[in-house]
Structure formats: structure tokens, C-alpha cells
Amino acid sequence: MKLIIIVVLFCISLGVNIFLYQSSQHRSTTAVAESNAAYPLLSSRALRNTHRNDFINNFLPLRKTLHQITDPYHDSVAFYFDYLPTGTTIGVNEDSEFTAASLLKVPVVMAYFHKKERLGITADPTVSIQQSELNSKYGDLYKKGAGAQINLGDAVKAALQQSDNTASLILADQISDDDFMYVYEGLDIQPATEDKNPIITADRYVSILRALYYSSILNSDDSEYILDLMSKSEFHDMLPSGVPSDVPVAHKIGLIDDQIYSDCGIIYAPQRPYVLCIISKSDRATAVNRMHDISEAIYDYVSGYENK
């Protein structure tokens, strides 16, 4: 009789443990799915300690292809590729310095969000546009004129999606040097200038995008929001042109006096995301063609690679 009772108790205990384990697994799977749904543009490593990326073991063929494409350009093109699942990188003239121009708008926006996080601000305030903030070189916001009202949330969208200079200057006036330096120190990038103009390199700029992807400076909500805005950029003829239209590309363009064009972003190839930053010293048409060829070659290799 005692033996029967022991067996029955053991079976009950085993059944309970299996049920609890299955319930735990279901909750864990549900939690991962919910996190991924809430933050589709962030690394799963920023949300949990697990990830589902597909690893690529051999980049040598891609290196050869990229050199074949870019060698004829000599020093008039620079790029840096960072495969996020493993940290494998490929670069050409990646440490060549160039004026940051509109690319600087991303860390400015990050500094603005850091200020909001630091002060516990949830709603974006509305401010008056100052005369000193009007800039007609890029964007249409300057047409509103001094004294016009703008919500800073709208300024963020204009700065990232339309690369509007006036919007960026408005945001810059709303942040302190400490907020801006907090962002730069978190990126492990030394601020550098040339003739008072901020300068950057392709490999250094990639660290800005990685900081958003891994949510290492801002919280997950703000990092996700910034990347989401960048994925809805109005500019599609450079990095995104080499990628299928249904693949998100969170990117930021830059240009200097119609002589230097840049586009840097995260390409969300399914299970194989990577960062790519390209700079071309050329006219726009040449820059567009170069960026298309480099972007397409990388996407085709990454998306088509099969582990042996």
C-alpha cells in the first residue's frame, strides 16, 4: 500500500513539475515575443541575454567584392561595415576624417532625449523659433520665420526625417553642453573639429548607431523611437536603394556643399542586421551610384549567405 502511495505521489509531483516547466517556458517565450514586438528595431541583447541572429562565418568573398567596387575610387570614397551579430567589420578609408554636417543631428537628438530622461520630462514643450536658428541651407522649417511656434517633438522629426537644419539648431539650443558631452562620452568618441566644424570618420560614426541599437546611452523606449523615425527618412536613393523595399533601414544622410555626400544607417536584414556608413567625395549622381553598388553588394552577400 505504501509503495502504491509513493508511486502515485511521485507521478503527481512529476506532472506538476512538467506543468510548471511548460508554463515557465511559455511565459519566457511570450516575454521574448512581447519584447521583440515592442522594440522591433533594437537588438534583442538590449532586451534579454539571448538573441536569434544567424551568424556568418566567412566574409572574405565580400571583402574582395567590395575592394573590386571601391578600388577605382581611390580616396574619394570611404565606408565602414559592421556585422552586428558577431562584430565583424570591413572598411575602406574608414579612418579618413570629414565634416560631420547633417550626421551630427543624430547625437544632437540623442542629447535632447537624454535631457528629457535626466529631468523626467515626458511631454515635448513648444518653443518660439529664434532668428539665429533660421537656416535655409537644408529643409523648409526656416520659412516659418522667427517667432513662429514649434513643438520640439516636431523638430525632432524634421531633423531626422527631413534633415532640416533649422530644426537641428532649435534642438541644439534646448540642450546643455553637459547633455551633449554625455552622449559623446558614452560613445567613446573624442569630439574633434576643423575650422570650428565638427569632424567624424566612418568607423566612429558607426558607434553612434550601435549605441542606439544596443540602447546603451538612452533607455529602450527613446532608442527605439529615434530609430523608428530614422527608418522613415524621406531619402531613399542612397543606402536604401541597394536593399529590398520591405527591409527597414534606419539611416541619416549628410551633405557638404554638394561635394561630399554621406549616408549611415542600420540595415535590418532578417536575422542578420548590420551597420553601414558610406561617404563619397563627388557630385550627387556619382555618390548615389556608388552607395547603391556598395549597399547592394553587402545586402546580397549577407542575406544570401549559407553556413556550410
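Summarising the label geometry, the points placed 7 Å from Cα in the beta-carbon direction at D154 and Q259 lie 3.6 nm from one another.
Of the peptides 117-129, 97-109, 80-92, 295-307, the order by per-residue mean of other Cβ atoms within 10 Å, starting with the highest, comes out as 97-109, 80-92, 295-307, 117-129. Shape of the range 177-301 from the C-alpha gyration tensor: oblate (a/c of 1.5 or more and a/b not above b/c, with a ≥ b ≥ c the square roots of its eigenvalues). FRET efficiency for the pair D283 and E34, taken as 1/(1 + (r/R0)^6) with r the Cβ-Cβ distance and R0 = 41 Å, rounds to 0.30. With 18 Å as the limit, the listed pairs K143/K281; K157/K252; K232/K281; K105/K144 have K143/K281; K232/K281; K105/K144 beyond it between alpha carbons. Here K115 is the anchor, and the aspartates and glutamates within straight C-alpha reach of less than 18 Å, apart from those fewer than 8 places off in the same chain, are D124, D154, D173, D177, D178, D179, E185, D221, D222, E224.
With a 10 Å radius around each residue's Cβ, average the other Cβ atoms per peptide and rank 234-245, 145-156, highest first.
Highest mean packing first, the order is 234-245, 145-156.
Compute the length gained on full extension between E117 and D54: take 0.36 nm times their separation in residues and subtract their Cα-Cα distance, giving the result in nm to one decimal. Residue separation times 0.36 nm, minus the Cα-Cα distance, leaves 19.3 nm.
Here, each number is a calculation from the coordinates, and none is a lab measurement. The structure presented is a predicted model; accordingly, all values stated were derived computationally and were not measured. When we count neighbours, we look across all protein chains shown, and the Cβ atoms used for this are built from the backbone with ideal geometry, even at glycine.
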